[in-house]
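Inspection log for the structure reproduced underneath, given as structure tokens.
The values are calculated or read from the model by the stated rules, or taken from the named source; none is laboratory data. Small disclaimer: the values here were computed from a predicted structure and weren't measured. Please note: Cβ atoms are built from the backbone with ideal geometry, for glycine as well, and neighbour counts cover all protein chains shown. Please note that ligands, DNA and RNA were not included when accessible areas were found on the heavy atoms of the full protein model with its side chains. Shrake-Rupley method; radii C 1.70, N 1.55, O 1.52, S 1.80 Å.
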Amino acid sequence: MSEVATGELWARLRRTTPARIALGRVGHALPLAEVLDFQLAHARARDAVHAALDTAALEAALAPLPVLHAESDAPDRAAYLRRPDLGRRLSARSAALLAKAAGHCDVVFVIADGLSATGVQAGAAELVQACTAELGDLTIGPIVIARQARVALGDPIGEALGARVCVTIIGERPGLSVHDSLGIYMTFAPRIGRTDAERNCISNIHGAGGLSPEDAARTLGWLLREALRRELSGVALKDDQTPTLPAEDPSRT
Amino acid sequence: MPFTSDLGGERHSFADLKAVLAAASPARSGDELAGIAAASATRRVAARWVLADLPLATFLNEALVPYESDEVTRLIIDSHDAAAFAPIAHLTVGGFRDWLLSEAADEAALAAVARGVTPEMAAAVSKLMRNQDLIAVAKKIRVVTAFRSTIGLPGRLSTRLQPNHPADDPRGIAAAVLDGLLHGVGDAVIGVNPATDSVPAATTLIRMLDELREAYAIPTQTCVLTHVTNALTIMERGAPVDLVFQSVAGSEAANAGFGIDLAVLRDAHAAALGLGRGTVGQNVMYFETGQGSALSANAHHGVDQQTMEARAYAVARAFDPLLVNTVVGFIGPEYLYDGKQIIRAGLEDHFCGKLLGLPMGCDVCYTNHAEADQDDMDSLMTLLTVAGCSFLICVPGSDDVMLSYQSLSNHDALYLRSVMGLRAAPEFEVWLAEAGIAAPDGSLRALADGASPLVRRLAETIS
């Protein structure tokens with residue numbers, strides 16, 4: 001096998017995955033260019049973790065959908081990172097505001113900054129629009145933009161707004177290759193105290209080889225109708241076509 | 001107050017046994033989050049003096065998590081081997097630390113007491129041990145398991161090849177498998193975390209990995225890390241499952257958060273054994289754990305996260321696993337804040353797992369919201385390998401493009417085997433040579449080397 005042919009073969013393989021394959025070696029170590037490329041990606045991911053969500057711009061991108069704003073009990077990014085319990089609790093101010101908007105609907109969408117405001121800023125509006133297009137026959141409540149928010153913040157929000165199902169779209173923890181990935185967590189009958197086993201997750205929604213918004217919306221549409229029909233979500237909603245649990249160790253979410 | 005110590009006229013009291021354990025733990029953010037960490041550095045040492053004087057048997061008489069309401073506690077107490085415990089029954093926790101470090105505690109003695117040690121004893125003694133003690137004792141313990149390859153033999157370091165892909169693309173996964181194999185990685189397992197955790201998606205990947213392994217006669221096992229209930233369905237439908245995977249935690253409530261209990265693990269264990277697919281052994285289970293999982297499910301019962309982690313090993317131990325690893329830095333800075341805490345936790349988890357008789361490995365890893373970097377991982381992987389860690393997880397270029405975190409790279413396995421003079425599992429090592437991936441002297445050929453017909457065939461098939 002000639003050197004050129006080998007190179008072409010590996011170039012083809014590299015196109016099949018965003019993973020860092022065929023990096024070559026210097027002794028047993030990575031070549032320096034790969035080391036520095038990795039360090040750059042890590043630096044960018046670190047920066048994404050600490051970015052703040054521009055809620056006004058997101059609201060504009062969602063127009064004409066009605067939007068409410070909420071925040072968790074975590075006062076800032078530093079507290080958010082060390083105190084996930086605060087990120088799951090609705091602030092008193094937000095609880096009062098949402099109580100005024102109480103009603104009944106099939107679905108509430110919560111857009112949560114999570115660990116990548118960068119990802120939410122870039123892709124959440126398009127994802128919400130793809131999802132609402134799939135769910136045209138259902139009643140959809142206001143879109144809630146939540147800052148310093150964890151997945152479970154959707155529980156008190158969905159409960160306050162009288163939603164049968166809460167769909168939380170959240171910025172996933174940035175990786176090196178992808179720092180703007182979104183996840184969807186669906187919870188039937190949202191209320192404080194729901195466990196992760198009671199949610200269905202669709203993860204890795206992004207434009208760098210991940211799920212497209214349209215595919216994610218289709219999956220959500222199927223799951224959501226099943227949840228409404230069977231009046232449950234999570235592990236018990238296992239079926240042959242769709243995702244059920246978060247793929248990884250739940251301690252990893 | 002039964003739990004007190006006097007340090008030069010300064011009296012420190014602790015309300016109960018779990019308060020002593022929590023305060024004695026090396027500092028970490030998860031215990032601070034739970035509100036149970038020592039309030040000062042002095043109080044931490046005071047708790048260690050108290051702990052040192054407690055009889056080991058205390059942990060048999062006083063349950064940290066109630067026996068009546070927790071099946072993990074019942075498992076620990078009901079399966080305790082009193083005969084195995086007898087040689088150490090007279091010791092305090094401090095005396096146990098000294099015994100573990102003594103020449104009397106050799107490989108045979110440590111193996112003999114394993115079933116007499118409870119997770120709480122292991123966690124307690126670890127809190128009195130410095131990092132070097134955790135390494136020195138773990139190094140003396142040998143746990144050997146087998147399926148198609150043998151894990152844990154002297155002079156060996158095995159690796160899990162983790163070829164994850166953000167959209168579960170079979171070709172992309174196969175390309176990452178090839179990359180790992182060419183680095184001599186994959187003798188513990190070729191294990192994929194699926195992005196989409198459904199029965200059909202997992203079945204597709206299981207069949208693809210099995211065909212690849214069969215086509216090239218690779219003496220290793222494959223695993224798609226899907227939920228155990230999915231694995232049960234998949235086995236019922238006749239798909240080729242080698243290992244059943246599940247994340248496990250240290251309390252019944254935390255396991256309920258994972259959607260599992262001991263009964264479903266028993267069913268899955270029996271089903272996988274029934275397939276009889278192992279060639280050199282029949283260890284068919286693969287478990288992952290991690291400090292903080294119980295607290296994150298609000299199922300920690302006021303117990304510190306490292307003790308809860310050790311209790312997860314009792315769950316794993318009940319099913320004779322091939323592999324167990326802590327995913328140490330995955331959970332994030334709210335549980336392990338920085339490189340120092342991750343390194344300490346990795347050494348604790350490896351030590352406790354080995355002491356309890358588990359084939360303990362580690363996912364040496366961190367996330368982008370933790371205060372850690374590759375230098376910290378270099379330290380932890382080197383320390384764990386000195387400690388005799390059974391296997392480590394490797395992903396191409398340290399970058400898991402599906403789970404969005406950093407683990408070890410395939411290159412790191414080469415570094416560790418090289419500087420420590422370690423080799424892959426014997427069955428796998430023979431295959432590497434036959435496949436032309438390793439040169440006759442055992443060193444690996446260059447990645448772009450087309451000398452091996454097998455490599456070329458594999459690469460062309462995938463591309």
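The figures follow:
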{"item": "Cβ charges +1 (Lys, Arg) and -1 (Asp, Glu), total dipole of the protein assembly as shown, debye", "result": "300 debye"}
{"item": "Positive-end extreme of charge dipole, the protein assembly as shown - chosen from A:Ala78, B:Leu212, A:Val107 (charges on Cβ)", "result": "A:Ala78"}
{"item": "Amide H contacts of B:Ser247 (H built 1.01 Å from N, under 5 Å, at least 5 apart or other chain)", "result": "B:Glu288"}
{"item": "Protection proxy ranking of B:380-386, B:181-187, B:85-91 - average other beta-carbon atoms within 10 Å, highest first", "result": "B:181-187, B:380-386, B:85-91"}
{"item": "Cα-centre dipole for the stretch A:55-230 with unit charges at Cβ (Lys and Arg positive, Asp and Glu negative), debye to 20", "result": "520 debye"}
{"item": "Geometric extent, Cα atoms of the stretch A:127-188 - Rg, Dmax (angstrom)", "result": "12.7, 39"}
{"item": "C-alpha center-to-center spacing [the stretch B:248-302, the stretch B:210-237] in angstrom", "result": "17 Å"}
{"item": "Antiparallel bridge percentage (DSSP; both residues within chain A; nearest 5)", "result": "45 percent"}
{"item": "Rel. contact order, % - alpha carbon contacts under 8 angstrom, at least six apart, the stretch A:55-230", "result": "24 percent"}
{"item": "Leading residue at positive end of dipole, the protein assembly as shown (Cβ point charges), from A:Ile21, B:Gly421, B:Cys223", "result": "B:Gly421"}
{"item": "Contact surface B-A: accessible area buried, both sides summed, square angstrom, 1.4 angstrom probe", "result": "5600 Å²"}
{"item": "Tilt relative to chain B, helix B:262-275 - C-alpha long axis, 0 to 90 degrees, to 10", "result": "30 degrees"}
{"item": "Contact order normalised by residue count of chain B, Cα under 8 Å, 6+ apart, percent", "result": "19 percent"}
{"item": "The stretch B:58-86 versus the stretch B:339-415: alpha-carbon centroid distance in Å", "result": "30 Å"}
{"item": "Portion, in percent, of the accessible area of the stretch A:55-230 that falls on carbon or sulfur, probe 1.4 Å", "result": "55 percent"}
{"item": "In Hz, Karplus ³J(HN,Hα) per residue of the stretch A:85-99 (6.51, -1.76, 1.60; θ = phi - 60°; x = Gly, Pro)", "result": "4, 5, x, 9, 9, 7, 5, 4, 4, 5, 4, 5, 5, 6, 4"}
{"item": "Stokes-Einstein D for the stretch A:55-230, Kirkwood Rh over Cα pairs, 20 °C, 1.002 mPa s (µm²/s)", "result": "136 µm²/s"}
{"item": "Restricting the stretch A:4-75 to trypsin sites (Lys or Arg not before Pro) in coil, as DSSP defines it, with at most 16 other Cβ within 10 Å", "result": "A:Arg15"}
{"item": "Overall form of the stretch B:286-390 per C-alpha gyration tensor (a/c, 1.5; a/b vs b/c)", "result": "oblate"}
{"item": "The protein assembly as shown - accessible surface per residue (Å², probe 1.4 Å)", "result": "34 Å²"}
{"item": "Top positive-direction residue, dipole computed over chain A with Cβ charges, set A:Ala63, A:Thr139, A:Val120", "result": "A:Val120"}
{"item": "Shape of the stretch B:1-156, Cα gyration tensor, a/c cut at 1.5", "result": "prolate"}
{"item": "In sequence order, calculated HN-Hα J values of the stretch B:357-374 (Karplus, 6.51, -1.76, 1.60; Hz; x Gly/Pro)", "result": "x, 9, x, 8, x, 8, 8, 6, 7, 7, 10, 7, 9, 9, 8, 8, 8, 4"}
{"item": "Estimated 222 nm signal from helices in chain B, with DSSP H stretches of n ≥ 4 weighted -39500 (n - 2.57), rounded to 500", "result": "-13500 deg cm²/dmol"}
{"item": "Backbone HN-Hα couplings from phi across the stretch B:98-103 [Karplus 6.51/-1.76/1.60, Hz, Gly and Pro as x]", "result": "5, 4, 4, 7, 7, 5"}
{"item": "Partners for B:Lys340 among lysines (Cα-Cα distance below 16 Å; same-chain residues under 8 apart left out)", "result": "B:Lys127"}
